[in-house]
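Participant: Please find one structure pasted underneath; my questions will follow.
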Amino acid sequence: GLPGHRKARATGVRYRDAEGAHELAAEVVVSTADLHHTERDLLPPHLRSHSRRWWDKQVPGPSTVMIYLGVEGELPELAHHSLFFAENWDETFDRIFAPRDEGPVVMPDPTSVYVSRVTATDPDAAPAGHENVVVLVPVPPDERLGRGGVDGAGDPWVEKVADAAIAQLASWAGIPDLAERVVVRRTVGPGDWAGDLNSWRGTALGPAHTLRQSAMFRAGNVSRRVEGLYLAGGSVIPGIGLPMCLISAELVVKRLRGDTSTGPLPEPLAPPRRAVAPGPGQPPPAGAA
Ligand SMILES: Cc1cc2nc3c(=O)[nH]c(=O)nc-3n(C[C@H](O)[C@H](O)[C@H](O)COP(=O)(O)OP(=O)(O)OC[C@H]3O[C@@H](n4cnc5c(N)ncnc54)[C@H](O)[C@@H]3O)c2cc1C
């Protein structure tokens with residue numbers, strides 16, 4: 001579409017996989033990639049629904065440093081899920097949401113962390129005699145803080161956060177030899193969320209659920225400039241988290257069907273209103289005689 005002309009229309013997607021480039025024609029395109037990436041990288045400027053000024057006012061949710069550990073021996077000190085809350089809660093989140101221009105943030109030590117001992121309920125997640133532990137440290141949404149790596153090879157800021165979290169876990173959970181028992185260590189940082197998944201600013205979650213970015217104030221699920229282009233996932237309504245993202249997909253289906261009811265979709269998913277003949281081997285639509 002050209003500026004000032006008829007509304008542009010989505011006609012399909014181009015994608016690339018191991019076999020090369022492909023084109024797939026489609027009447028409806030639903031982007032479930034990060035909204036900022038869809039708008040700013042995949043669409044030309046005149047087809048974007050949101051301006052630069054709009055983005056400047058958006059607040060990204062926290063990013064994370066993830067620490068994936070293989071630990072020798074058993075860790076009865078840890079349940080499957082553990083939340084370690086530091087008393088400096090407000091300070092931690094003030095730093096996470098500090099203005100980006102103030103340079104690399106020094107994370108408070110201790111800080112609040114989530115720890116999952118996966119092998120507490122799934123022994124197959126590690127070889128016999130070992131435990132699988134995942135540590136999540138909330139950090140500022142800023143891709144410039146860097147990427148993680150294997151065995152300490154990530155960017156220094158990310159590895160420093162990881163070292164501090166392992167030391168804190170050792171001390172708070174009473175596992176003094178934790179660091180020495182680590183046989184596998186892989187970290188992931190804000191730079192990975194941005195670089196690998198095209199996440200805006202490296203946020204791990206999407207636009208934060210501030211009042212101005214919640215409910216009807218959150219980005220909608222239909223492009224204002226490209227007919228046939230819809231949006232789902234954590235950056236649009238209703239928001240962050242797996243249940244919310246599944247509801248976002250449901251909302252696109254309802255919009256396509258013109259269904260303005262407030263309840264969930266019928267289960268099992270009812271056939272669309274426009275009658276479509278069942279394909280070979282498919283059951284007739286529910287309610288058909
Ligand atoms: C560490 C962590 C812990 C979490 N814990 C929980 C939890 O306990 N409970 C909960 O409910 N939620 C949790 N969440 C949040 C939840 O995972 C997200 O809200 C949800 O997965 C987002 O789904 P999505 O479909 O929007 O995006 P994603 O699942 O990120 O999918 C987007 C996909 O788009 C792909 N993509 C990007 N650009 C392109 C492109 N140009 N072309 C093709 N593909 C592209 C990306 O590679 C990615 O696979 C957690 C998130 C993180 C990071």
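The values are calculated or read from the model by the stated rules, or taken from the named source; none is laboratory data. Remember, it's a predicted structure, so these values are computed and weren't measured experimentally. Note: ideal-geometry Cβ built from the backbone for every residue, glycine included; neighbour counts use all protein chains shown. The area values use the complete protein model at the heavy-atom level, side chains included, leaving out ligands, DNA and RNA. Shrake-Rupley method; radii C 1.70, N 1.55, O 1.52, S 1.80 Å.
Participant: Starting from residues that are more than 11 Å from residue 235 (Cα to Cα) and more than 7 Å from the ligand (Cβ to nearest atom), keep the ones in the range 197-212 and report whichever is nearest to the chain's Cα centre (by Cα).
Facilitator: 202
Participant: Report yes if some residue within the range 223-230 is under 12 Å from the mean Cα position of the chain (by Cα), at negative phi and crowded, with 21+ Cβ neighbours inside 10 Å; otherwise report no.
Facilitator: Going residue by residue through the range 223-230, those that are under 12 Å from the mean Cα position of the chain (by Cα) are none.
Taking every residue of the range 223-230 in turn, none turns out to be under 12 Å from the mean Cα position of the chain (by Cα), at negative phi and crowded, with 21+ Cβ neighbours inside 10 Å.
Participant: If a residue must be acidic (Asp, Glu) and assigned to a helix (DSSP H, G or I), how many such residues does the range 26-57 contain?
Facilitator: At the first step, the residues of the range 26-57 found to be acidic (Asp, Glu) are 27, 34, 39, 41, 56.
Remaining after also requiring assigned to a helix (DSSP H, G or I): 39, 41, 56.
The qualifying residues number 3.
Participant: Specify the residue that is least open to solvent (accessible area, probe 1.4 Å); the eligible residues are those in the range 4-13 that are part of a strand (DSSP E or B), out of contact with any helix residue (DSSP H, G or I) (no Cβ under 6 Å at 6 or more places or on another chain) and more than 11 Å from the ligand (Cβ to nearest atom). Working first, answer last.
Facilitator: Step one: list which residues in the range 4-13 are part of a strand (DSSP E or B), which gives 8-9, 12-13.
If we keep only those that are out of contact with any helix residue (DSSP H, G or I) (no Cβ under 6 Å at 6 or more places or on another chain) too, we end up with 9, 12-13.
Next, from what is left, pick out any that are more than 11 Å from the ligand (Cβ to nearest atom): 9, 12.
On the way: 9: 130, 12: 30 Å².
Here the answer is 12.
Participant: Against the condition in contact with a Phe, Trp or Tyr (Cβ under 6 Å, 6 or more places away or on another chain) and open to solvent by less than 40 Å² (accessible area, probe 1.4 Å), how does residue 199 come out, does it pass?
Facilitator: Working: in contact with a Phe, Trp or Tyr (Cβ under 6 Å, 6 or more places away or on another chain): yes; open to solvent by less than 40 Å² (accessible area, probe 1.4 Å): yes.
Considered against the rule, which asks whether it is in contact with a Phe, Trp or Tyr (Cβ under 6 Å, 6 or more places away or on another chain) and open to solvent by less than 40 Å² (accessible area, probe 1.4 Å), residue 199 comes out as yes.
Participant: From 141, 104, 76, which residue is of a type outside the set (A, V, I, L, M) and without any contact (Cβ under 8 Å) to a residue 24 or more places away in the chain? Steps first, please.
Facilitator: Working: 141 fails: without any contact (Cβ under 8 Å) to a residue 24 or more places away in the chain; 104 fails: without any contact (Cβ under 8 Å) to a residue 24 or more places away in the chain.
Result: 76 is the single residue among 141, 104, 76 that is of a type outside the set (A, V, I, L, M) and without any contact (Cβ under 8 Å) to a residue 24 or more places away in the chain.
Participant: List pairs: first residue in the range 31-49 and in contact (Cβ under 8 Å) with a residue 24 or more places away in the chain, second residue of a type in the set (Phe, Trp, Tyr) anywhere in the structure, Cβ distance under 8 angstrom, at least six positions apart or on different chains.
Facilitator: Matching pairs, first to second residue: 31/230; 34/200; 35/200; 36/55; 36/200; 37/200.
Participant: To continue, here is another question. Scan (1) within 24 Å of residue 142 (Cβ to Cβ); (2) in the same structural domain as residue 134 (by TED's automatic domain parsing); (3) in contact (Cβ under 8 Å) with a residue 60 or more places away in the chain; (4) assigned to a loop (DSSP other than H, G, I, E, B) for the single condition residue 153 breaks and write down its number.
Facilitator: (3)
Participant: Among the candidates 178, 169, which residue alone is farther than 25 Å from residue 105 by Cβ and open to solvent by less than 20 Å² (accessible area, probe 1.4 Å)? Reasoning before the result, please.
Facilitator: Details: 169 fails: farther than 25 Å from residue 105 by Cβ.
Answer to the check: 178.
Participant: With respect to residue 16, determine if the residue is open to solvent by 100 Å² or more (accessible area, probe 1.4 Å), out of contact with any helix residue (DSSP H, G or I) (no Cβ under 9 Å at 6 or more places or on another chain) and more than 16 Å from the ligand (Cβ to nearest atom). Even if it seems obvious, please write down each step before you answer.
Facilitator: Values: open to solvent by 100 Å² or more (accessible area, probe 1.4 Å): yes; out of contact with any helix residue (DSSP H, G or I) (no Cβ under 9 Å at 6 or more places or on another chain): yes; more than 16 Å from the ligand (Cβ to nearest atom): no.
Criteria not met by residue 16.
Participant: Specify the residue that is farthest from the ligand (Cβ to nearest atom); the eligible residues are those in the range 227-244 that are over 15 Å from residue 35 (Cα atoms) and touching a residue at least 60 places away in the same chain (Cβ under 8 Å).
Facilitator: Filtering the range 227-244 for residues that are over 15 Å from residue 35 (Cα atoms) and touching a residue at least 60 places away in the same chain (Cβ under 8 Å), the one farthest from the ligand (Cβ to nearest atom) comes out as 227.
Participant: Given the criteria open to solvent by less than 50 Å² (accessible area, probe 1.4 Å) and outside the structural domain of residue 34 (by TED's automatic domain parsing), does residue 79 qualify? Outline the logic, then answer.
Facilitator: On the way: open to solvent by less than 50 Å² (accessible area, probe 1.4 Å): no; outside the structural domain of residue 34 (by TED's automatic domain parsing): yes.
Taking the combined requirement at face value, the residue does not satisfy it.
Participant: Looking at 59, 30, 113, can you tell me which residue is among the hydrophobic types (A, V, I, L, M, F, W, C), in contact with a helix residue (DSSP H, G or I) (Cβ under 8 Å, 6 or more places away or on another chain), crowded, with 18+ Cβ neighbours inside 10 Å and farther than 30 Å from residue 170 by Cα?
Facilitator: Details: 59 fails: crowded, with 18+ Cβ neighbours inside 10 Å; 113 fails: farther than 30 Å from residue 170 by Cα.
Within the list 59, 30, 113, the selection yields 30.
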